[in-house]
Each structure stands twice: as C-alpha cells, then as structure tokens.
Amino acid sequence: MAKKLAPQQTLNTTMVEKDMKDVVSTEKVMKVIRTICVYLFLGFMALIILFPFYWMINSSLKTLEEYKWQVPSFVPKTIVWGNYKEAFKAGNLAVLFVNTLYVGIVSTVLSLVITVLSAFAFARLEFKGKNALFAALLATMMIPGELFTITNYITVSKLGWTTGDTGTYAVLIIPFLVSVFYIYLLRQNFLQIPNELYLAAKVDGTSDIKYLWKVMIPLSLPTLISITILKMMGAWNSYIWPKLVAKDTAHTLISSGLRNAFTDANNDTNYPVQMAAVALVSLPLFLVFVFLRKYIMKGVSRSGIKG
Amino acid sequence: MNKFKFLATMLICGVVATTAAGCKNKNESDDADFISIEQVIANAKAITAGSAASQDYTVTGTPNFEVPTGGYDGSEVTISFYHTMGSNLKTVLDKYIEKFNVLYPHITVNTTQVGGYDDVRTTITTQLTAGTEPNLAYCYPDHVALYNIPKKVVHLDNLINDTNVGMTQAQIDDFIPGYWNEGRQFGDGLMYTLPFSKSTEVLYYNKTFFTANNISVPDHWFSESVDDTTSMEYVCAKIKTIDPTSIPLGYDSAANWFITMAEQCGVPYTSAKEDHYQFNNETLKAVMKRFREWRQQDWMTTQTLYGSYTSGLFVETGADKSKSYMSIGSSAGATHQRPAKVTVEDDEGNETSVYPFDVGIVEIPQMSSTNKKVISQGPSVCIFKKSNPQEVVASWLLLKYLTTSVEFQAEFALASGYVPVIQSVEQNATYASELAAADGGAHIAALAAKVCLEQKQHYYTSPAFNGSSTAREQAEALLNKCVSKETSTVNKMINEAFQDAIDECEYA
Amino acid sequence: MVDNKQQWKAWLYLAPAIVLLLLFTVWPIINTVRMAFLEGYGNLSSLNADKTFEFGIENFEKVVKYKKFTTCLKNTCLLCVLTVPISTLLALVIAVCLNSIKPFSRLLQTIYFLPYVTNSIAIGMVFASMFNIIGGADISKAVSIGIVNNVIEFFGGERIAWISTGSSYSANIAVMVIYIVWNALPFKILILLGGLQSVNKQYYDAAKIDGTSKWRVFWRITVPLLSPMIAYVLITGFIGGFKEYTATVGVFGEKMGPADDPGRLNTMVGFIYKQLEGDHQGLASAASLILFGIILVITLINLKISSKKVQY
C-alpha cells in the first residue's frame, strides 16, 4: 500500500516547509489512514455493486433445474456453457445485434446533431421566450412516457411508417430522436464555457457552426460521449416500442427479441439461457464503456478553461 | 441549505398523503361467523350433474360476419398470426403451414412470436386503435373481451356452418365439448374463439411415499368424519405426523384454487352479464377461513405464499429439507414435477441413474363426486375483422386446418405438453403409443396428458368480460391474504378482504 | 439587428427538435389532456362510431376517489424523498473518493458503471432472490432465507421478512430504497465524476496551501463547483423518482406488494399502467396530469433553488 502512495507523498513533501517535519509525519499517517479508508469504502461499495452482476453470470451458467433450487448455489454445480450458445442461436442474436447497432448508430448521430444545435441555442443565443420554452421542454419530461405510446403509434400508422422496410426503421428511430434530457445536459455543459470565448469568436467573424465545431464540441466532448453512450444504451434497452412496431425478426431490436426467445409453451422462461443472453447483450456496452472511459474521464480535464 | 427547504416540501407531501390515508373511514364489518364447512359440503353435494351448468350458452346475438358466397375465391391474400410459441413449437407450426400452403397456395401466412400472453394482448389492443391488428391471434378469454369492446372479433358461427368453408358435424363433434364451449362464454352464446391447445390442473403426488406409508390419494377436500382417509385434510394431517417439517400440499396458482373452489361448491364467482363480480359470498369466505387453518398448521402453500415454485418443494429429495408430497399444477408442466435423476449402484456395482421417487398423477380433489369441476386453460385463437372478407375466410381456413388436423394436433401436443383439442388424436398412432407408455418417470408428460383427457367432461371455464382478468388477480390476492394475513379478528379481516377485492374489481 | 439575427438563428437551430417534439411529445400531451377530460374515455371504446364521451372532470374525481390513491401517492413520495438524497449523496462521496485515488481508479470506475449495462429484468429478479424468504408459515423454519438474511444472521442479527408474506411496510420500503439507489448510482457517479474531473485543480492547490481541512474543501469548493451537475442529478432524480414503477415490479412482481397485502407498494405510475391495461385511457390520462402537476411544482421549486445556488 505504502509503495503505491509514493508519488503522492513526494508531491506532498515538496509542498510543505522543511521545519514542519513533525506535522508532516502525523499528516502522513493521517493520509495513509484516510487512503485506506477510502479504498475500504470504495471496495465495499464495489462489492455491493458487483454482487447482482455476479449473480446474473452465476445464474446464466446453471441448468434450469439448478436455477430453481430453493437454496441457490453460489457456484454452479455443473457449468453449462451451452446456455450461451443456445442464447446466441435461439435468440437469433446475430440478426438482433446488427439491427440494434444500425438503429443505435443512426439514431445516435441524428440525435447528437439535433441536441447540439438545440443546446447551443439555449446556452448561447438570446431569443424571445427562451426561458419559457426551456421550462416547457423540461416539463415534457415529467409526463409518464407510457401515455405517449398509443398516440404515437396512431401517428406513425397514419404517416404510413408501419409498413415497408425503411418505414419500420424510421418508426424505430425518428420518434425518439429528441431527448430533452440530453439537451438539458449539454446546455448545462455549454453554459460552463465562458461566454467571452463566443463573443471573441464573433468579433473574429467565426461562423456559429465553425465555433461550435472548433470550440464548443471539443470542450464538451465528454458530455457528448456520455450522450452517445446513453443513446446507444437506449437503443439497446428499448423494449415496449420496438415490440409494438417491429413485426418480424429482421427488424426486431435486441431487448424485445431477448425477452421473447426463451419462453416455452407453458409461458415458462428458461431463465439461465435468458440470463446468458442478457450477459451477452451487456457485453458490447460494457466494452464500449471500457474503451471510451478514457475519453469520458480524461476528456473532462481538457475541457477545463484555463485563463 | 435550500435543499432542505425542498426536502421539507417533499416530506410535507408525504405526511399529508399519510394523514389522508389514515382518515378514510373504517368499514366496521361485524365479526359474525360464516356458514359451516359441513353446510358448504352439503350444499355442494346437493348439486346434481345436470343442474351444474354454471354457464348459459343460449344464443342471443347475431353473428357479425357474412361468409362471401362461394367461400374462399382463391385470391392472393396475406394473413398474420400472433402467437407465443417458443422455437421448438414454431418449428411444428411452420411445418404444418407449409402443408396448408399445398392446399391453399395463394394464402401467405406470416407468424410472429410476440412474447407472452400479456404481450400479445397489449400489442393487439394498441394496434387495434390504429387498425394494424393481425388476422389471427393466440388469446385468452379476457383478451377477447377487451378486443370485443370495439367489436373487432369475428363471430365464427357463420363460418362454422358455411357449406363451402365450414366444418362437418363430425368435425364439430370431434372437439372436446368443454374446450369448444370456451368460445361461447361471452354472454351472447355466439362463438368467438376456437380452442388451440389446452391443459388442466392435476394433482401430482409422491407415489413412492404414499405407497410406503399406506396413504390413500385424496379425492375430496374436507373431512366429513375423523376416519375420512381420502380427504385432503386427513392426508395432510397424516403426512405431517410422518414428516413434521413438510408442507404436504403445494398449489401453484392461488387464483385457480379460488375460482375452482367456487365452481366446485356451486357458488358464483363472476358472471358475463351485468353485476359481474359475485364472489363475495358466505361459502367462499367459509372455505377461505378453513384454508387459513390449513396454512396455520403448515399443511399447504401457494407459489406466492411460498416465495418460489411449489414444484421445487415437491421434487426436493434432500434428507434434511422441507418437502411437499402433493402438488397441484398445470398438466402441461409435468416435467417440472419430476425429481432430478440420481445415480445409484446396484448389487453388481453398476451405476445407473434413476428417479428417486415415482410420481403419481390424478385429478384434483373435489367437493362433490356428482359435480366434479376442473379448470381448463391454454390458448384459443380468435380472428379479427378485416375490410377484405377474403382475409377473414383465409384466416378461418388456417384456423380450421390447425384445429382439425389430427397430425398437427398430435405433433403439437407431443412437443408442448398440452393436450389436443380434438378427441380423434387419441387414435393417432404416435400419440396413442406415447399415451400407452405413460408412467410417472420418463413418460410423465404422457401420464399428465392421459389424466387430463380422462376428465374431459369436468372442464369448466369462467365467464369472460372486460374486467375478468382483474377478478382473477383479485381472486389470487384474496386467497393469499385470507390465509396468511396476521389478525386477531379473522372473520372481520376476511369480510374486509372480500369487500376490498370487490371494490377493486368494480373500480374501473 | 444582432438581436433579430440571433432570434432567427435560434429558431432555425431549434427547428428540428421542435418539429419532432411537436409531433411526438406535444401532440401526445394534448391528446392526453383531451382524454383526461372525456368522461370514461377508452381508446377501444372510442373506436365504436356510435360511442360518445361527455366532457367533464369525472375522470379526475374518480382517480382521487380511488380507495388506494393515497397509498400510491404516499409510496411514490416516500420513495422519492428517501432515494434521491441518499443516492445523490452516496454518488457524490463515491465520485470524490474515486477522484482522489490513482491505483485501481480505472478498475473501480468500470465496476461502478457495470449496473448501467445490465438488464433491468434480470437485476430485479436478482434483487428479489437476495431478499426473498422461501418457506411455509413459520419463518424460523424457512427453506431459504435469502443472502441478505444470511449475512444478518452471520453477524448475530435476526432474520427479517423483507418482501415475503408477513413482511412489514418499512422492510418493504427498505428493500425498494436499496434497489432504487443501487440502480441510480452509476448514472449519478458518471455525471458527478465527469464534473469533478473538469474542476480546475488550482482551486484545490490553493486550498491545500491555505491548509483548509478536507471537509471544508468538500463543502466550500467541491460542492459549489459541482452545483450544476448536482442540480441536474437532483432534478432528473426527482422526476424519475415520481415515475417509479419498474423497480417495484422488479422486486414484487405485478402484484406490487407482499403476498398477504398486494398493492401495498403500488405507485402512481403503477396505477396508470393498470388503467391502461383495461380500456381506461381517460382515467390514466387524468392520473398522469395529476402526477404531472406534482412533478411540475417540485421541479419549479428545484429550479428556483438551483438558480440561486448553482454557480455556472
């Protein structure tokens, strides 16, 4: 433990005057104790966070019989890797992956464009009724979205989007392009960028779009990446709507496809296989996070305005 | 610190709500006793088989679909069919749709697996509002009641009787009557659905244990005398003396139990006509109170009360584990009621795997041998109205083909564990040989199907109307609550619980 | 001039969002209001050409008169009041801790994000199984008491019926709070940690030289600098909290309560869902508008506070 702390210790000592050695040593001890406490706390919370996840993996490797044991086992008695194979095959996961990826990417890109433009307008431009409009937007978040489903379904049916290939994709993508959540999130981020930068750019004659692209977007990259992840995850997890509009496997998205695939005639779900499928589906998202975490977290430090 | 102001506001919200909840006037029900169980039994026994027709099938409406002259005209139509079949069953369905297409090459059938039964209902109710509903769908009676609010379900009467596309009298008679009548339980006597594949509830018991301890299999619920050895009560008490840690009986579905008790006692549960909810009666209260005593002696449990599948309790074999020796559940779930195989060594040291105990299957206990009742479950299929009558006729042809084809019904039944809806399947060679091999081990599904088919004259279904699913939910809640809620005034609690359930049903 | 040009530009930038919102959000809301004021409105009933609905406030009356309306309201408020502050505070502490360490920081960040990528169906079942007691009428003879009770007994405590038959309301709520907080943490940690990492290190260096205590630094520097993120997390938390439904279904199933008292933990959205299941869109809409009113008031208060307190 002490070895790991070395860099911070050096950092500390350099900052402290030499004639305060006594204080330094008690401070050192305090710091070690504090660090240990922090790690203990984080470790403990991490265990709590991890447990259900572990449980899911554990369940996904069991036979259905073992899954139904009254006293659940912490390690599967017989490990059934076949559940994953079956999940992939029976769940038709390959097709679902491609569909979801397609819908996810298209809707993320479009959604980002719309979100950036709207957030820019709210954060930087002055126009009549700005605050009222923003409040109205926030208010729309407060109505349970389930109520929209039926009206929206009637709308897209009347638009003729429920038939045909492009139509089905349009139905899956378009109604959810605008998210007030994301506009709000990005506006908050834009607001943190000093207005002086924008005014300076105006004086230089830089166009809005160029300013957005060169200054605002790089500075809010972390938020944009977070939005991307949230949006992709939305596509990954959306359930009610895709089930309603996607009438064949070729258009089904992963989450609604998942839940249906492992139910037998008795309406009895093969939970281990379902858990395996859930784990499989979670994996890409997880990898995306591991891969992009660097950008999300490190990118933030770059967005700090210096001077 | 304004956060606290904010929290304070929230807290006030909560407190106001709580106080308001506390203010509702308590319905002071009296604590008088219900009628005695002896009286309930006597009443049930007074019902003779003939008078037991709890459902009225008199036709009072006019069918809403006129079959086009000449029936199906051979034109190109595409029809869609929503179901809940898993991949193994879908294979069977696809195979027979291919065969159907040999007969009708111009009818294209699209099938969609929509999830569970509830998913089918939700999807279709939404699609109905936009006019994009499928042509055919798996359905339960309460779904049909919902679809029928905008009168979108095709009455099958004219199609059945049509000279071109209809059914022969032999085909109609081939349907198991209980299943056939399920399509006519909507109050106007008209035919709304055809049965597709069915199941019922059966009593699974640990035959090895029963034989070893010389216990008779129960065929009725309540003891009429102290040595009434075939009553459930006697058997439970006896099992408890042999294995005190056991819970002798597990009943999977509390809703089914409640509704079946109403049917067996000959008292109303619901009605398809006005004044739908009729289960608030003395008889059912008395029965619930009796079951409460069972629960207190740990004689019985339900899936909700137990907290897990009651079949898990039944198939348990661990020496120090709590077990049940009887389990009432769907005949289609027989394989879940079979214990896992264990490896044993014979005298010569060879290892073989065997089932640790033999499972017996019989019909569920009754109130009266002259008024036997057992629930009928499983999907039916309904047809939706379309502007093109040819689509409706084509849908009918598919439905007729699937329900009257002996091969399909046999193959589907074997793959699903459900029983076929037509009687001639029993003569199908494959199906018959499967039935003949029925036992409480390897061929347990066949045994369940056999028991299921043996009692086909006792099937009942409860009336379907908009709200019948709420009634079912309340029935489930009611049984669980009545038998388990802690109280010092049992009668009062039961009275209130019944009134609550009625209020919930009548609310919407 | 500039002002006019800005006006014009602003609306242009907002156009795509506004068009889509009008079509897929505002219109459904208008329709919701319409349905709420048509007495006994049902989507399926409305398909009958001869069926007409009276205009009136009967739907609202009926919602408020529902015997268990107050139960739903109470549960919703209680869960909100408990979970939002707890999860925000916990997320803040975790984010600050994560930000203060170097080794394992990446690993821990990834772990804390994990719940976000798992499926809610699966997690609900897992939580239920962790707290569930399986067995007969006597809890002391239960077959399985769930891992949480195992831990409690390991430390010498007594087993508690958390969600099973005979469980108390406070035990039920405790489980719900744990599950909702667990569920809400990853998103909040992500936002707050992102915010923390964008905070200028100079503030801390200055504080360090001044010898300001950690606690003081936390309240005087970290929290104010993070205030936009905290405001965001709180507002969305409250809005999400009032729409609570899936967590309850995840733990208790559709019966929304323990076996001996179904519906005990029903929430506002639970009530709305139930009405949608039957053909009662009018009632559902009225209930939604009531819920909307409550959330609106809360959010306005929230915004007012944050406009005073939040430092941009």
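The values are calculated or read from the model by the stated rules, or taken from the named source; none is laboratory data. Because the structure is predicted, anything quoted here is derived from the model rather than measured. For neighbour counting, all protein chains shown are included, and Cβ atoms are generated from backbone atoms with ideal geometry for every residue, glycine included.
Go through segment B:256-367 and tell me which strands (runs of 3 or more DSSP E), entirely inside it, have 2 or more residues that are over 24 Å from the mean Cα position of the chain (by Cα) and in the same structural domain as B:S488 (by TED's automatic domain parsing).
Values: elements: B:300-302, B:326-330, B:342-345, B:351-354, B:359-363.
In segment B:256-367, the matching strands (runs of 3 or more DSSP E) lie at B:342-345, B:351-354.
Answer with yes or no whether C:N4 is without any contact (Cβ under 8 Å) to a residue 40 or more places away in the chain and either more than 7 Å from every other protein chain (Cβ to nearest Cβ) or closer than 22 Å to B:L146 by Cβ (or both). First the steps, then the outcome.
Details: without any contact (Cβ under 8 Å) to a residue 40 or more places away in the chain: yes; either more than 7 Å from every other protein chain (Cβ to nearest Cβ) or closer than 22 Å to B:L146 by Cβ (or both): yes.
For C:N4, the condition - without any contact (Cβ under 8 Å) to a residue 40 or more places away in the chain and either more than 7 Å from every other protein chain (Cβ to nearest Cβ) or closer than 22 Å to B:L146 by Cβ (or both) - is met.
Does any residue of segment B:248-270 turn out to be over 25 Å from B:A501 (Cα atoms) and of a type outside the set (S, T, N, Q)?
Taking every residue of segment B:248-270 in turn, at least one turns out to be over 25 Å from B:A501 (Cα atoms) and of a type outside the set (S, T, N, Q).
Only one of these conditions is not met by A:I174: (1) over 28 Å from C:G42 (Cα atoms); (2) in a helix (DSSP H, G or I); (3) modelled with pLDDT of 85 or more. Which number is it?
Condition not satisfied by A:I174: (1).
Of the conditions (1) surrounded by fewer than 13 Cβ atoms within 10 Å (Cβ to Cβ); (2) modelled with pLDDT under 80; (3) away from chain C (no Cβ under 11 Å), A:E65 satisfies every one except a single condition; which number is it?
Evaluating A:E65 over (1) surrounded by fewer than 13 Cβ atoms within 10 Å (Cβ to Cβ); (2) modelled with pLDDT under 80; (3) away from chain C (no Cβ under 11 Å) leaves (1) as the failure.
So which of A:F97, A:F134 is farther than 13 Å from A:L177 by Cβ, surrounded by fewer than 23 Cβ atoms within 10 Å (Cβ to Cβ), of a type outside the set (D, E, K, R) and in contact with a Lys or Arg (Cβ under 9 Å, 6 or more places away or on another chain)?
Working: A:F97 fails: in contact with a Lys or Arg (Cβ under 9 Å, 6 or more places away or on another chain).
Being farther than 13 Å from A:L177 by Cβ, surrounded by fewer than 23 Cβ atoms within 10 Å (Cβ to Cβ), of a type outside the set (D, E, K, R) and in contact with a Lys or Arg (Cβ under 9 Å, 6 or more places away or on another chain) holds for just one of A:F97, A:F134, which is A:F134.
Here's the yes/no breakdown for (1) within 11 Å of chain C (Cβ to nearest Cβ); (2) touching a residue at least 24 places away in the same chain (Cβ under 8 Å); (3) not hydrophobic (A, V, I, L, M, F, W, C):
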| site | (1), (2), (3) |
| --- | --- |
| A:L50 | yes, no, no |
| A:S59 | yes, yes, yes |
| A:F74 | yes, no, no |
| A:I79 | no, no, no |
| A:F97 | no, yes, no |
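In the set C:A91, C:A36, which member is small (G, A, S), touching a residue at least 24 places away in the same chain (Cβ under 8 Å) and under 30 Å from A:I173 (Cβ atoms)?
Only one candidate passes the filter, namely C:A36.
Name, by its number, the condition in (1) under 26 Å from A:I183 (Cα atoms); (2) of a type in the set (G, A, S); (3) at pLDDT below 90 that does not hold for C:S100.
Of (1) under 26 Å from A:I183 (Cα atoms); (2) of a type in the set (G, A, S); (3) at pLDDT below 90, only one is false for C:S100: (1).
I'm told B:A332 meets every condition in (1) modelled with pLDDT of 90 or more; (2) farther than 20 Å from B:P248 by Cβ; (3) crowded, with 19+ Cβ neighbours inside 10 Å; (4) not aromatic (F, W, Y) except one. Can you identify the failing condition by its number?
Just one mismatch for B:A332, condition (1).
Residues of segment B:479-496 being touching a residue at least 60 places away in the same chain (Cβ under 8 Å), more than 8 Å from every other protein chain (Cβ to nearest Cβ), more than 17 Å from the chain's Cα centre (by Cα) and not in a loop (DSSP other than H, G, I, E, B), which ones? Show your work before the answer.
Taking segment B:479-496 first, the residues touching a residue at least 60 places away in the same chain (Cβ under 8 Å) are B:479-480, B:482-484, B:489-492, B:494-496.
So of that shortlist, the ones also more than 8 Å from every other protein chain (Cβ to nearest Cβ) come out as B:479, B:482-483, B:489-492, B:494-496.
Next, from what is left, pick out any that are more than 17 Å from the chain's Cα centre (by Cα): B:482-483, B:489-492, B:494-496.
Within segment B:479-496, B:C482, B:V483, B:V490, B:N491, B:K492, B:I494, B:N495, B:E496 meet the criteria.
Can you pull out the residues in segment C:178-207 that are surrounded by fewer than 15 Cβ atoms within 10 Å (Cβ to Cβ), part of a helix (DSSP H, G or I) and within 10 Å of another protein chain (Cβ to nearest Cβ)?
Going through segment C:178-207, the residues surrounded by fewer than 15 Cβ atoms within 10 Å (Cβ to Cβ) turn out to be C:200-202, C:205-206.
Subset that is part of a helix (DSSP H, G or I): C:201-202, C:205-206.
Correct list: C:K201, C:Q202, C:D205.
Name every residue in segment B:123-159 that is part of a loop (DSSP other than H, G, I, E, B), at the interface with chain C (Cβ under 9 Å from one of its Cβ atoms) and touching a strand residue (DSSP E or B) at 6+ places or on another chain (Cβ under 6 Å), in order of residue number.
Listed by number, the list holds a single entry, B:K152.
Is it the case that B:G417 is assigned by TED's automatic domain parsing to the domain that holds B:T168 and either buried (at least 23 other Cβ atoms within 10 Å of the Cβ) or closer than 14 Å to B:S331 by Cα (or both)?
Judged against the criteria, B:G417 is a match.
Give the residue that is modelled with the highest pLDDT, with candidates limited to residues of segment B:177-196 that are small (G, A, S) and out of contact with any strand residue (DSSP E or B) (no Cβ under 8 Å at 6 or more places or on another chain). Walk me through it before giving the result.
Just the residues of segment B:177-196 that are small (G, A, S), to begin with: B:178, B:183, B:187, B:189.
Right, trim to out of contact with any strand residue (DSSP E or B) (no Cβ under 8 Å at 6 or more places or on another chain) and you get B:187, B:189.
On the way: B:G187: 84, B:G189: 87.
My answer is B:G189.
One residue is enough: does segment A:33-44 have a residue meeting the conditions at pLDDT 65 or above, more than 10 Å from every other protein chain (Cβ to nearest Cβ) and either in contact with a helix residue (DSSP H, G or I) (Cβ under 6 Å, 6 or more places away or on another chain) or under 24 Å from C:G124 (Cα atoms) (or both)?
yes
Conditions first: (1) more than 8 Å from every other protein chain (Cβ to nearest Cβ); (2) crowded, with 20+ Cβ neighbours inside 10 Å; (3) assigned to a helix (DSSP H, G or I). C:Y41 passes all but one, so which condition is the exception?
(3)
Of all residues in segment A:106-137, count the ones that are without any contact (Cβ under 8 Å) to a residue 24 or more places away in the chain and under 17 Å from the mean Cα position of the chain (by Cα).
1
Any residue that is buried (at least 23 other Cβ atoms within 10 Å of the Cβ) and either out of contact with any helix residue (DSSP H, G or I) (no Cβ under 9 Å at 6 or more places or on another chain) or over 30 Å from B:F222 (Cβ atoms) (or both) - is there at least one of those in segment B:350-359?
Checked segment B:350-359: no residue is buried (at least 23 other Cβ atoms within 10 Å of the Cβ) and either out of contact with any helix residue (DSSP H, G or I) (no Cβ under 9 Å at 6 or more places or on another chain) or over 30 Å from B:F222 (Cβ atoms) (or both).
Against the conditions (1) in contact with a Lys or Arg (Cβ under 9 Å, 6 or more places away or on another chain); (2) of a type in the set (G, A, S); (3) not assigned by TED's automatic domain parsing to the domain that holds B:F279, where does B:A449 fall short? Just the number, please.
For B:A449, the exception is condition (1).
Return yes when C:L92 is modelled with pLDDT under 90, surrounded by 14 or more Cβ atoms within 10 Å (Cβ to Cβ) and within 14 Å of chain B (Cβ to nearest Cβ) and no when it is not.
Values: modelled with pLDDT under 90: no; surrounded by 14 or more Cβ atoms within 10 Å (Cβ to Cβ): yes; within 14 Å of chain B (Cβ to nearest Cβ): yes.
So C:L92 fails the test.
If you go through segment A:236-251 one residue at a time, do you hit one that is at negative phi and at pLDDT 75 or above?
Yes, some residue in segment A:236-251 is at negative phi and at pLDDT 75 or above.
Inspect all residues belonging to segment B:497-507 and state whether any of them is among the aliphatic types (A, V, I, L, M), under 25 Å from the mean Cα position of the chain (by Cα) and in a loop (DSSP other than H, G, I, E, B).
Filtering segment B:497-507 down to residues among the aliphatic types (A, V, I, L, M) leaves B:497, B:501-502.
Those still in the list that are under 25 Å from the mean Cα position of the chain (by Cα) too: B:497, B:501-502.
Then keep just the ones that are in a loop (DSSP other than H, G, I, E, B); that gives none.
No.
Can you work out which of the residues in segment A:123-154 that are assigned to a helix (DSSP H, G or I) and basic (K, R) is nearest to A:I193 (Cα to Cα)?
Filtering segment A:123-154 down to residues assigned to a helix (DSSP H, G or I) leaves A:123-124, A:130-140, A:146-154.
Adding the requirement that they be basic (K, R) leaves A:124, A:130.
Details: A:R124: 10, A:K130: 19 Å.
Within segment A:123-154, the match that is nearest to A:I193 (Cα to Cα) is A:R124.
Would you pick out the residues in segment B:205-255 that are assigned to a loop (DSSP other than H, G, I, E, B) and either outside the structural domain of B:A332 (by TED's automatic domain parsing) or more than 29 Å from the chain's Cα centre (by Cα) (or both)?
Of all residues in segment B:205-255, those assigned to a loop (DSSP other than H, G, I, E, B) come to B:213-219, B:221-230, B:243-248, B:252-253.
Passing the criteria: B:N213, B:N214, B:S225, B:V226, B:D227, B:D228, B:D243, B:P244, B:T245.
So that you can scan it fast, the table gives a plain yes or no per residue for (1) within 10 Å of chain A (Cβ to nearest Cβ); (2) at pLDDT 80 or above; (3) surrounded by 20 or more Cβ atoms within 10 Å (Cβ to Cβ):
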residue: C:D210; (1), (2), (3): no, no, no
residue: C:W219; (1), (2), (3): no, yes, no
residue: C:T222; (1), (2), (3): no, yes, yes
residue: C:I230; (1), (2), (3): no, yes, yes
residue: C:A247; (1), (2), (3): no, yes, yes
residue: C:A259; (1), (2), (3): no, yes, yes
residue: C:L283; (1), (2), (3): no, yes, yes
residue: C:A286; (1), (2), (3): no, yes, yes
